[in-house]
Amino acid sequence: MPQAQLDRTLAALADPHRRRVVDLLSRGPRPAGDLARELGLPAPAMSRHLRTLRESGLVEESHPPFDARVRIYALRPEPMTHLIRWLEESERLWSEQLLAFKAHVEKAP
């Protein structure tokens, strides 16, 4: 994953409202209005959070065929998959460092 994409993903997830949106969307696509009501946010604030999530690539927007005014939001799995891979690699590196430190400490008299 390019560093810039990882930075955008982490920046988008830094806000608790946006993390809550991701949690809600993990259960399935939802209209913007439903998300705003669930979070207790006014429409303009919800719109700003959704724009940030779209720009980061975490969510995508679609319109149902019956009403182009309604916006449905859904998670995109790719950014989270890349984030999980990055976290797993970081954990592996830290584990190796800790094991090496443990071995060093146990060898010391």
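Any read-out appearing in this document is the output of simple, stated calculations on the displayed coordinates, not a laboratory observation. Computed from a prediction, not measured in an experiment: that's the story for all the values here. Virtual Cβ from ideal backbone geometry, glycine too; neighbours counted across all protein chains shown.
Quick check on my filter: what residues within the range 36-69 are exposed (fewer than 13 other Cβ atoms within 10 Å of the Cβ) and touching a helix residue (DSSP H, G or I) at 6+ places or on another chain (Cβ under 8 Å)? Passing the criteria: PRO42, ALA43, GLU55. Listed conditions (1) surrounded by 13 or more Cβ atoms within 10 Å (Cβ to Cβ); (2) assigned to a helix (DSSP H, G or I) are all met by LEU93, apart from (1).
If you go through the range 22-79 and keep only what is charged (D, E, K, R), over 18 Å from the mean Cα position of the chain (by Cα) and in a loop (DSSP other than H, G, I, E, B), you end up with ASP67, ARG69, ARG71. Taking the range 69-91 as the range and being over 16 Å from SER26 (Cβ atoms) and without any contact (Cβ under 8 Å) to a residue 40 or more places away in the chain as the test, the residues that pass are ARG69, VAL70, LEU87, GLU88, GLU89, SER90, GLU91.
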